[in-house]
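Trainee: Handing you this structure, nothing more for now.
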Amino acid sequence: GESVGLHLPTLSVQEGDNSIINCAYSNSASDYFIWYKQESGKGPQFIIDIRSNMDKRQGQRVTVLLNKTVKHLSLQIAATQPGDSAVYFCAENSINTNAGKSTFGDGTTLTVKP
Amino acid sequence: DAGVIQSPRHEVTEMGQEVTLRCKPISGHNSLFWYRQTMMRGLELLIYFNNNVPIDDSGMPEDRFSAKMPNASFSTLKIQPSEPRDSAVYFCASSLFPGNTIYFGEGSWLTVV
């Protein structure tokens, strides 16, 4: 029978390699973007954010790139470790409209092979 | 610092029973959110409050669902009567102000049989 439900993109990488997770957003008015990591059995956890006046922001082992022209966001994880295995969500928000609520993508499942 | 605290962590209940999920947001946060997560629909916003006032409840599935925030440190999500299709993980989250980073609790795993 036909499968139903979300078909989450998946990414499988070797331990030590770099990972790139992509996200397309839809609202051109969005001006604040956040990446979350959700491990099995837990709630989403904040990783890194970026505002629309920037195109790159770096954290510890993670870098977020923002391309407003094509409405694309990416999360780069350097030297991926088994503990990075999780589902990663991007979220967009518009502070100016005071919508107050983040719109979440469907998520990407990252599997790190030892 | 304590994060968002939810209870119960797990609940199994029979169809038709009332379910109450509880949430304590991070102290000082002015916005509180209730999300539902399922394999079918992903992460859905049900309702959010700002300064204890419901701002947007357009995600609440139907009248069986209700949410309250009587004070800045407590909120409830109630389902009455519960149905098997309500089985999901319900997350409470809070943020300092609308549009700021949202911090999630560990979730309440609900199974309705």
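Since every read-out is calculated from the coordinates, none of them should be taken as a lab result. Bear in mind the structure is a predicted one, so any value in this text is a computation, not a measurement. All Cβ positions, glycine included, derive from the backbone under ideal geometry; neighbour counts span all protein chains shown.
Trainee: When residue A:41 is evaluated against the numbered criteria (1) farther than 20 Å from residue B:42 by Cα; (2) within 14 Å of another protein chain (Cβ to nearest Cβ), which criterion, by number, is the only one it fails?
Mentor: (1)
Trainee: Restricting to the stretch A:34-53, count the residues that are in a loop (DSSP other than H, G, I, E, B), of a type outside the set (Ser, Thr, Tyr) and closer than 16 Å to residue A:91 by Cα. Can you show your working first?
Mentor: Restricting attention to the stretch A:34-53, the residues satisfying the condition of being in a loop (DSSP other than H, G, I, E, B) are A:39-44, A:52-53.
The next check asks that each one be of a type outside the set (Ser, Thr, Tyr); those that pass are A:39, A:41-44, A:53.
Filter once more, so that each one left must be closer than 16 Å to residue A:91 by Cα: A:43-44.
Total meeting the criteria: 2.
Trainee: Tell me which residues, restricted to the stretch A:30-42, are surrounded by 12 or more Cβ atoms within 10 Å (Cβ to Cβ) and in contact (Cβ under 8 Å) with a residue 24 or more places away in the chain. First the steps, then the outcome.
Mentor: Quick first cut of the stretch A:30-42, residues surrounded by 12 or more Cβ atoms within 10 Å (Cβ to Cβ) only: A:30-39, A:42.
Selection gives A:30, A:31, A:32, A:33, A:34, A:35, A:36, A:37, A:38, A:39.
Trainee: Something else: Could you pull out every one of the strands (runs of 3 or more DSSP E) wholly within the stretch B:42-101 that has 1 or more residues that are within 16 Å of residue B:6 (Cα to Cα) and out of contact with any strand residue (DSSP E or B) (no Cβ under 8 Å at 6 or more places or on another chain)?
Mentor: Filter on the stretch B:42-101 gives B:65-71.
Trainee: So, one more: Determine, yes or no, whether residue B:18 is among the acidic types (Asp, Glu) and either over 25 Å from residue A:103 (Cβ atoms) or away from chain A (no Cβ under 14 Å) (or both).
Mentor: Working: among the acidic types (Asp, Glu): yes; either over 25 Å from residue A:103 (Cβ atoms) or away from chain A (no Cβ under 14 Å) (or both): yes.
When the stated conditions are applied, residue B:18 passes them.
Trainee: So the check is Cβ under 7 Å with 6+ separation or different chains; which pairs have a first residue in the stretch A:43-62 that's on the phi < 0 side of the Ramachandran plot and a second one that's acidic (Asp, Glu)?
Mentor: A:43/B:106; A:51/A:31; A:52/A:31
Trainee: On to the next question. What residue, among those in the stretch B:102-113 that are part of a strand (DSSP E or B) and surrounded by 20 or more Cβ atoms within 10 Å (Cβ to Cβ), is farthest from the other protein chains (Cβ to nearest Cβ)?
Mentor: B:112
Trainee: Please count how many residues of the stretch B:1-23 are assigned to a strand (DSSP E or B), within 25 Å of residue B:72 (Cα to Cα) and of a type in the set (A, V, I, L, M, F, W, C).
Mentor: Adding up the residues that qualify gives 4.
Trainee: Further, regarding this structure: Only one of B:25, B:54 is within 14 Å of the chain's Cα centre (by Cα) and touching a residue at least 40 places away in the same chain (Cβ under 8 Å). Can you tell me which? Break it down stepwise before answering.
Mentor: Numbers: B:54 fails: touching a residue at least 40 places away in the same chain (Cβ under 8 Å).
Residue meeting the stated conditions: B:25.
Trainee: Exactly one condition in (1) over 15 Å from residue B:88 (Cα atoms); (2) more than 10 Å from chain A (Cβ to nearest Cβ) is false for residue B:47; which is it?
Mentor: For residue B:47, the failing item is (2).
Trainee: Here is a list: B:31, B:75, B:82. Which entry is among the hydroxyl-bearing types (Ser, Thr, Tyr) and either within 14 Å of another protein chain (Cβ to nearest Cβ) or surrounded by fewer than 18 Cβ atoms within 10 Å (Cβ to Cβ) (or both)?
Mentor: On the way: B:75 fails: either within 14 Å of another protein chain (Cβ to nearest Cβ) or surrounded by fewer than 18 Cβ atoms within 10 Å (Cβ to Cβ) (or both); B:82 fails: either within 14 Å of another protein chain (Cβ to nearest Cβ) or surrounded by fewer than 18 Cβ atoms within 10 Å (Cβ to Cβ) (or both).
Result: B:31 is the single residue among B:31, B:75, B:82 that is among the hydroxyl-bearing types (Ser, Thr, Tyr) and either within 14 Å of another protein chain (Cβ to nearest Cβ) or surrounded by fewer than 18 Cβ atoms within 10 Å (Cβ to Cβ) (or both).
Trainee: Right, residue A:104: at the interface with another protein chain (Cβ under 9 Å from one of its Cβ atoms), aromatic (Phe, Trp, Tyr), out of contact with any Asp or Glu (no Cβ under 8 Å at 6 or more places or on another chain) and surrounded by fewer than 17 Cβ atoms within 10 Å (Cβ to Cβ) or not? Step through it out loud before you land on a result.
Mentor: Working: at the interface with another protein chain (Cβ under 9 Å from one of its Cβ atoms): yes; aromatic (Phe, Trp, Tyr): yes; out of contact with any Asp or Glu (no Cβ under 8 Å at 6 or more places or on another chain): yes; surrounded by fewer than 17 Cβ atoms within 10 Å (Cβ to Cβ): no.
Against the criterion (at the interface with another protein chain (Cβ under 9 Å from one of its Cβ atoms), aromatic (Phe, Trp, Tyr), out of contact with any Asp or Glu (no Cβ under 8 Å at 6 or more places or on another chain) and surrounded by fewer than 17 Cβ atoms within 10 Å (Cβ to Cβ)), residue A:104 does not qualify.
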